[in-house]
Structures are given as structure tokens and as C-alpha cells.
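Visitor: Here you go, one structure.
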Amino acid sequence: MNSPQIYDKIHTLAVIPILSIDSLDSVLPLADALIKGRLPIAEVTFRTSAAAEAISLLNKERPDIIVGAGTVLNVEDLRKAKDCGAQFAVSPGLNPDVVKEAIKIEMPFFPGVMTPSDIDRALGFGLTLLKFFPAEAAGGITMLKSIYAPYKHLGVKFVPTGGINAANMRDYLKLDAVLAVGGSWVATRADISGGNWPNIANNCLEIRETVKSIRS
Ligand code: 3PG
């Protein structure tokens, strides 16, 4: 399902930091770096065993941050994400079982797509906000423009991720096809585990300035 409320918030913030969290001790200082950087949104990937607890902790202690679950590869992780309060969920591909469950439990869900056939399948489930992954490796902006053209009139929008960074985010965000971009460059796993909070906050502030210059 797509939720207009989450959709609007993601559009406004325009960049989703994709976080891989190894230790729960990092969660609150990381959250505070995002808040300091005025980018209060996060996709916490289910690539680490701390993911579900990290989402719960964020919801409890920093409720102003919009928290989603990333790398949701199966129904079990999707249910876990819902139980710990994730407000949206994302996957790198389109697993029909996961999509059906997301619709059933009313979890805003953005599956990964890379081809027109993937988009067709997503539309078949009524999903119109899609992760374009892996964006740069799949052909970047040229590819995205090409696959968007036949679907534009249906209201399809994309969140490109995979190879997005401070240098290319601007070009993606200028496209009509793009609701927001996502990436791990905002808060890298190394910066998180090394406690490099000033760097993360600075990355966020730079992003806010870039977004302001494009969208205001
Ligand atoms: C994802 O989970 O969407 C991607 O792994 C993020 O890609 P990046 O690490 O290139 O930003």
C-alpha cells in the first residue's frame, strides 16, 4: 500500500539515510546527529541483528524521527518491522509474498524495481512508489528517465538508491520521476560504528541546503 502521509514526508525531506546499525549504543547519538542535521528520517536495514531493536528504540526515545525498515526480504522481517513500529518498509526487489503481507498489515511498502516488467508487477499490486535499485549500476538517470516515460501518466514515482551520493543526488532530485533518494553515504556504517556524529550531522545539513536550493 502507499500512504499519502508518509509519501508527503518523504517528499519534503527528499533524502533517506540508509542505516546499518551494529550496536544499540549507536542508536540515540545517531538519531541526535540526524536531528541536528535537520534530516529526521531513517531507513534501518535488516542486515544487522540490531535492526528491530534499533527501530523500537528510535520510536520510543526519538519519536520525531520517521523510521522505516530496509532490506526487508521476507514476511517474518516485515511483521517484525511492523511490530517494532516501522512507519514504512523497503526491499531491494519485489517479493510477492512480502508485498501481499504489507498490503494485509497496512504497511507502506516500496519494493525495489529495475525493469519495466518489475514496474508492471508493482502496479499490479497497486503500488506506485518504488525503489529504483541499484540506481547507478542499472544505468542511472538515463535508465530512470527511460523506464519512467511509459508509466508517468499512472503516477509512478521512484526513490533511487544504490550509488547515490552528495555529488549526484542533485541531478536525481531534479527529475519529475523522483520523490526522494536514499543512500548509505549520509551515515556510513564506518561513521556509525566509529561514532563520527559531527560528520553525519554535517552531511545532513549539506543535504538540507541542496534540497532547499532545488525545491524551494
Ligand atoms: C540500499 O540498501 O538501498 C543500498 O544498499 C544503498 O546503496 P548505497 O550503499 O550505494 O547507498
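Visitor: Just the residues that are within 16 Å of the ligand (Cβ to nearest atom), touching an Asp or Glu at 6+ places or on another chain (Cβ under 8 Å) and either charged (D, E, K, R) or closer than 15 Å to Phe88 by Cβ (or both), please, taken from segment 22-50.
Guide: Of everything in segment 22-50, just one residue is within 16 Å of the ligand (Cβ to nearest atom), touching an Asp or Glu at 6+ places or on another chain (Cβ under 8 Å) and either charged (D, E, K, R) or closer than 15 Å to Phe88 by Cβ (or both), namely Phe46.
Visitor: Of these, Lys174, Lys212, Lys145, Lys157, which one is closer than 21 Å to Ala69 by Cα, out of contact with any Asp or Glu (no Cβ under 8 Å at 6 or more places or on another chain), modelled with pLDDT of 95 or more and of a type in the set (D, E, K, R)?
Guide: Lys157
Visitor: I've got another one for you. How many residues, within segment 70-92, are out of contact with any strand residue (DSSP E or B) (no Cβ under 9 Å at 6 or more places or on another chain), in a helix (DSSP H, G or I) and not β-branched (Val, Ile, Thr)?
Guide: Going through segment 70-92 one residue at a time, the tally reaches 3.
Visitor: Taking interchain pairs and intrachain pairs at least six residues apart, which have beta carbon atoms under 9 angstrom, with the first residue in segment 153-168 and at positive phi and the second within 9 Å of the ligand (Cβ to nearest atom) and not in a loop (DSSP other than H, G, I, E, B)?
Guide: Correct list of pairs: Gly162/Gly112; Gly162/Lys131; Gly162/Gly182; Gly162/Gly183; Gly163/Gly183.
Visitor: How many residues does segment 23-55 contain that are under 21 Å from Glu76 (Cβ atoms), surrounded by fewer than 19 Cβ atoms within 10 Å (Cβ to Cβ) and out of contact with any Leu (no Cβ under 8 Å at 6 or more places or on another chain)?
Guide: 3
Visitor: While we're looking at this one, here's another question. So if I check each of Ile147, Ile105, which one is of a type outside the set (S, T, N, Q) and closer than 16 Å to Ile6 by Cβ?
Guide: Of the residues listed, the single one that is of a type outside the set (S, T, N, Q) and closer than 16 Å to Ile6 by Cβ is Ile105.
Visitor: Counting just the residues of segment 172-210 that are closer than 25 Å to Ala122 by Cα and of a type in the set (D, E, K, R), which one comes out surrounded by the fewest Cβ atoms within 10 Å (Cβ to Cβ)?
Guide: So, considering only residues that are closer than 25 Å to Ala122 by Cα and of a type in the set (D, E, K, R), the one surrounded by the fewest Cβ atoms within 10 Å (Cβ to Cβ) is Asp176.
Visitor: Only one of Ala122, Ala177 is in contact (Cβ under 8 Å) with a residue 12 or more places away in the chain, within 16 Å of Thr12 (Cα to Cα) and away from the ligand (no atom under 12 Å from the Cβ); which?
Guide: Sole residue among the options that is in contact (Cβ under 8 Å) with a residue 12 or more places away in the chain, within 16 Å of Thr12 (Cα to Cα) and away from the ligand (no atom under 12 Å from the Cβ): Ala177.
Visitor: Restricting attention to segment 136-152, which residues are within 16 Å of the ligand (Cβ to nearest atom), in contact (Cβ under 8 Å) with a residue 24 or more places away in the chain and outside any helix (DSSP H, G or I)?
Guide: Glu136, Ala137, Ala138 - these are the residues of segment 136-152 that are within 16 Å of the ligand (Cβ to nearest atom), in contact (Cβ under 8 Å) with a residue 24 or more places away in the chain and outside any helix (DSSP H, G or I).
Visitor: Among the candidates Arg170, Arg189, single out the residue that is within 14 Å of the ligand (Cβ to nearest atom), closer than 24 Å to Ala137 by Cα and among the charged types (D, E, K, R).
Guide: From the options Arg170, Arg189, the qualifying one is Arg189.
Visitor: On the given criteria, is Glu136 within 16 Å of the chain's Cα centre (by Cα) and among the charged types (D, E, K, R)?
Guide: Yes; evaluated as a whole, the condition is true for this residue.
Visitor: Would you please name the residue that is nearest to the ligand (Cβ to nearest atom), looking only at residues in segment 61-78 that are touching a residue at least 24 places away in the same chain (Cβ under 8 Å) and surrounded by fewer than 16 Cβ atoms within 10 Å (Cβ to Cβ)?
Guide: Across segment 61-78, the extreme among qualifying residues is Leu73.
Visitor: Against the definition (on the phi < 0 side of the Ramachandran plot, in contact with a helix residue (DSSP H, G or I) (Cβ under 9 Å, 6 or more places away or on another chain) and charged (D, E, K, R)), how does Asp120 come out, yes or no?
Guide: So Asp120 fails the test.
Visitor: Report every pair of residues separated by at least 6 positions or lying on different chains whose Cβ atoms are under 8 Å apart, first residue within segment 94-113 and among the acidic types (Asp, Glu), second assigned to a helix (DSSP H, G or I).
Guide: So the pair list comes out as Asp97/Val75; Glu101/Val75; Glu101/Leu78; Glu101/Arg79.
The values are calculated or read from the model by the stated rules, or taken from the named source; none is laboratory data. Keep in mind the model is a prediction, meaning the values are calculated, not measured. Neighbour counts run over all protein chains shown; Cβ positions are idealised from the backbone, glycine included.
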